[in-house]
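Here the structure is laid out as structure tokens; the discussion comes afterwards.
The values are calculated or read from the model by the stated rules, or taken from the named source; none is laboratory data. Just so we're clear, the structure is a prediction, and the values are computed from it rather than from any experiment. Every residue, glycine among them, receives a Cβ derived from its backbone with ideal geometry; neighbour counts consider all protein chains shown. Ligands, DNA and RNA are excluded from the accessible area calculation, which covers all protein heavy atoms including side chains. Shrake-Rupley method; radii C 1.70, N 1.55, O 1.52, S 1.80 Å.
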Amino acid sequence: MQQPSIQWTAPIRRTVDLLAKRPVVPVAGDSSSSYLGCFTDRADQHDLRLETVLTPPLVSPADCVLYCTSLGYPLSAVQSGSKCLCDYSYGLYGHASESDCSTPCVGNASNSCGGTNRTAVYRNYLGFSDPSLINKTTLWATAVSAVSSQQSNYPGSAAIGQVDWYPSTGASSSKTWMPQASGHMEFLELAFSDAILMEEVFIYETAGAGSVVRISARADNNSEWRTLWNDTAIIVSGSRVFSPPIRSSSIVSALLRIEINCTAAGGQCAIDAVKVRGSKALGEEGREDWFDTLSSRLRSHLVCS
């Protein structure tokens, strides 16, 4: 089945579930949005990392652009008839035969949606990814939900709010969290005022910088923690703002867990503040308004076959 060039003959379908991803389509005559080819993928580690499953009737390459563009991603891909993926890069596992990306979209056989471990990748409409449409937000921690240990005058709650000690080094009474460092892995679990799709994490380390070994998020208190980043401790001198390249995840969360190997830093670890940045889920009315605006823009640029 040949990859379609998109043409709209009816108004773009609207969904109030902004978290359900949808796939992308090439714009005829517009080099900023095009089909990039069929690529190999792996089920255990997707090439394009942000994933969702489409549900009828919203299963076509035209639907994903609304979601991926709303989050500012420049790339989208469809796979296995009903999956949509978004990311900033592609091609990790190389090209695949175009015939491998011919699986009909579920409930929409007129379009193809990749194949098994095969993704049909598209470049998104970057012209629509402007700040007025993407609901990005930056949040500082507002509460401590759990802490492994804390020294007197250096409580976990000291990591709440904006920085008040960094870029100074060392620990400061009531301004930094400092665990007991009793030989086991220490952790700090923080809550934020809103649930967002976390895309960046910033940890203000003022002592034992480099002791962070894992960052995780979860949707609520009853769900499992999902790893956003992990590595071994590599201690550096001084203070720093630690912002590792976190893994894309479909989880929308207001809860963050930071694990540190304080023993690797000689028992001296301190964190001043933590902030996150990402895409905030819109309320139902906001979603409707957003899709009305984006749909109007897309319809004015797309002509379908």
Summed residue charge, Cβ within 11 Å of T103's Cβ, Lys/Arg positive, Asp/Glu negative:
+1
Given the protein chains as shown and a 1.4 Å probe, how many square angstrom of K83 are accessible, to the nearest 10?
50 Å²
Simple spin-label estimate for E98 and D164 in nanometres, 7 Å along Cα-Cβ:
6.2 nm
By accessible area (1.4 Å), largest first, S243, S193, S60 order as S193, S243, S60
Find out how many positive minus negative residues lie around Y90, taking Lys and Arg as positive, Asp and Glu as negative, among other residues whose Cβ is under 10 Å from that of Y90.
-2
What does the charge count near V213 come to, summing +1 for each Lys or Arg and -1 for each Asp or Glu among other residues with Cβ under 11 Å from its Cβ?
-2
How large is Rg/Rh for the stretch 175-240, to two decimals, with Cα atoms and a Kirkwood Rh?
0.96
Evaluate the Debye formula for the stretch 134-253 with equal point scatterers sitting on the alpha carbons, no solvent, and hand back log10 of I(q)/I(0) at q = 0.11, 0.13, 0.16, 0.17 Å⁻¹, in q order, two decimals.
-0.37, -0.52, -0.81, -0.93
